[in-house]
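These notes are about the structure you will find just below.
The values are calculated or read from the model by the stated rules, or taken from the named source; none is laboratory data. Model, not experiment: these values are computed from the prediction. Using ideal geometry, Cβ is built from the backbone for each residue, glycine included, and neighbour counts are taken over all protein chains shown. The area values use the complete protein model at the heavy-atom level, side chains included, leaving out ligands, DNA and RNA. Shrake-Rupley method; radii C 1.70, N 1.55, O 1.52, S 1.80 Å.
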Amino acid sequence: MTVPAGEVPQWGCIADDFTGACDLAGNLVRAGHRTALTVGLPTPAALSEAGGPDAVVVALKTRTAPPAQAVDAALAAYRRLAELGCSRFWFKYCSTFDSTPAGNIGPVTDALLDATGAPWTIACPAFPDNGRTVYQGHLFVGDRLLSESGMRHHPLTPMTDPDLVRVLGAQTRHPVGLLPHTVLRSGDAAVRDRLHVLTAAGAGIVVTDVLGNDDFPPLLRATAGLPLLTGGSGLALALPPPAHRRGGPPADRIEVADGPGAVLAGSVSDATLGQTAQARRTLPHRKLAAADLLADPDRTVADALAWARSHLGPRPVLLHSADDRDEVRHAQRRFGAAEVAAAVERGLAACARGLLDAGVGRLVVAGGETSGAVLTALGVDGLRIGPAIAPGVPWTAATYRGRTGPRTVNLALKSGNFGAEDLFTTAENAL
Ligand SMILES: Nc1ncnc2c1ncn2[C@@H]1O[C@H](COP(=O)(O)OP(=O)(O)O)[C@@H](O)[C@H]1O
Ligand SMILES: O=C(O)[C@@H](O)C(=O)COP(=O)(O)O
């Protein structure tokens, strides 16, 4: 697989969901790296089209997949990225460490350690710009421990233990160490010594404390020789761009599509529920009830689309899947969590196609799993990263091959817990 000289990317990134891929790609762009985001395995042609990126982010939909399946997908992505010439690799998972005791963050990290030949790696989910910090190995969301945040109610990956050394320890075959904040701030020699002690004693993965963005540079210096990093997108903000890009213009210009806007919310995280409640006060809105999507999906989607077509206009229309958490709990008890999640994802994905075919040009999708389902249904194979709506939420441009032939559309894939309350009503201002 030959990539023209001068177009070989350095970083090959593997993201376990689509919103996470956008988040990481957006932060890489903010830090000055030309970045390509691909859905499915990247090709030399995709890299050329992206103008010879410094980093490639492959969006997978494996966050809730069984470990063996997630490992296969991550290794396939790794092999392709290595063939394309990438020399350093990044496994991107959620800043709230979304997984279960049988989750795949550990197994995928183990497999990538073997594949890259990395002697050890870090686990650094912190994203201070979004309130995710780690202290003594414990993950905080704002001023709450992870286990006391809304993440304890997540429909697919409820997080009830904030101790990442313990959570990761249950998933990986490697001993897990901790780089505490006091050491991180004691100078490069102290960091190096502690990492040496931990890894000499057998640690294969080191959870890193991070309280603010200024904790990232020492961490990057200490890991500069490692072929594999793992974590959230926060660390990318401190990643120095290649020398020839320094001082250049930000690489976040994208085409702006014609046509009205729409919002699809399949996330039921705290932030999204707040954004949905706010948007319901001002935007035309309609709920696709989970029970209806299970009982008669085609009819439910067709009715929602007919309603949406008649409300397209200057303000985006909102289609959402729940008003509150009680509704979600009720549907899960009645139908089973996995069944109802799959039905909602299928329904919203069908709505996305219908909305774009009806002429919608700008679509905000809330939720990682939801975004994965939507992008797969749209058949979009790559996203060009544009300006940020909020930390971790960039607008993107994509080529949509719909009923009327290929055209550019703008998509924003919003992580469940990201963004201010008015994100749905103000997103278009950022374009
Ligand atoms: N009313 C509902 N009842 C049960 N599950 C729901 C409901 N609405 C959405 N879901 C499911 O909850 C999951 C939310 O996950 P996701 O889209 O990743 O959001 P987040 O980014 O907040 O984690 C999806 O699988 C979605 O289909
Ligand atoms: O790191 C993060 O928090 C995000 O990039 C992310 O992965 C969020 O996932 P969802 O909340 O499932 O969208």
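Values computed for the structure shown
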quantity: Packing-based ranking, highest mean first, of 121-131, 154-164 given that Cβ atoms within 10 Å are counted; calculated: 121-131, 154-164
quantity: Gain in span if fully extended, residue 309 to residue 87, counting 0.36 nm per residue against the direct Cα distance; calculated: 75.2 nm
quantity: Using θ = phi - 60° and Karplus 6.51 cos²θ - 1.76 cosθ + 1.60, couplings along segment 110-123 (whole Hz; Gly, Pro as x); calculated: 4, 5, 6, 4, 4, 5, 7, x, 5, x, 6, 8, 9, 10
quantity: Computed label-point distance, nm, for sites residue 376 and residue 246 using a 7 Å Cα→Cβ extension; calculated: 4.3
quantity: Pairwise FRET efficiency - residue 422 versus residue 346, Cβ, R0 = 22 Å, nearest 0.05; calculated: 0.15
quantity: Dipole in debye (nearest 20) - the chain, about Cα centre, beta carbon charges: Lys, Arg +1; Asp, Glu -1; calculated: 440
quantity: Added length on full extension, which subtracts the Cα-Cα distance from 0.36 nm per residue, residue 256 to residue 49; calculated: 72.7 nm
quantity: Inter-label distance, nm, simple model (7 Å from Cα along the C-beta direction), residue 136/residue 298; calculated: 5.9
quantity: Inter-part distance where segment 1-50 and segment 375-431 are each reduced to a Cα centre, Å; calculated: 17
quantity: ³J(HN,Hα) computed for each position of segment 320-333 - Karplus, 6.51 cos²θ - 1.76 cosθ + 1.60, integer Hz, glycine/proline x; calculated: 9, 10, 6, 8, 7, 6, 4, 4, 5, 4, 4, 5, 5, 5
quantity: Accessible area, probe 1.4 Å, largest first, for residues 221, 34; calculated: 221, 34
quantity: Mean ellipticity per residue at 222 nm, deg cm²/dmol - from DSSP H runs of n ≥ 4 across the chain, formula -39500 (n - 2.57); calculated: -11000 deg cm²/dmol
quantity: Separation between Cα centres of segment 74-153 and segment 179-251, rounded to whole Å; calculated: 14
quantity: Positive-end residue, segment 219-304 charge dipole about Cα centroid, Cβ charges, pick of 248, 262, 222; calculated: 222
quantity: Qualifying GluC sites (Glu not before Pro) for segment 323-431 [loop in DSSP, other Cβ within 10 Å: at most 15]; calculated: 421
quantity: Lys, Arg +1 and Asp, Glu -1 on Cβ, resulting dipole of segment 10-145 about Cα centre, debye, nearest 20; calculated: 120
quantity: Selection from 59, 382, 101 lying farthest towards where the dipole of the chain points positive, charges on Cβ; calculated: 382
quantity: Efficiency of FRET from Cβ geometry, residue 2 and residue 325, R₀ 35 Å, rounded to 0.05; calculated: 0.10
quantity: Carbon + sulfur, % of accessible area of the chain - ligands and nucleic acids excluded, 1.4 Å; calculated: 52
quantity: Long-range HN-HN contacts of residue 318 with modeled amide H, under 5 Å; calculated: 263, 285, 286
quantity: Residue (of 238, 68, 81) at the positive-pole extreme of the chain, dipole from beta-carbon charges; calculated: 81
quantity: Per-pair calculated FRET efficiency, R0 = 22 Å: residue 72 and residue 102 via Cβ, rounded to 0.05; calculated: 0.85
quantity: Listed residues 236, 76, 390, most fluctuating in the chain (Gaussian network, C-alpha, under 10 Å); calculated: 76
quantity: Charge tally in the Cβ shell below 14 Å around residue 279, where Lys, Arg are +1 and Asp, Glu are -1, residue 279 excluded; calculated: +2
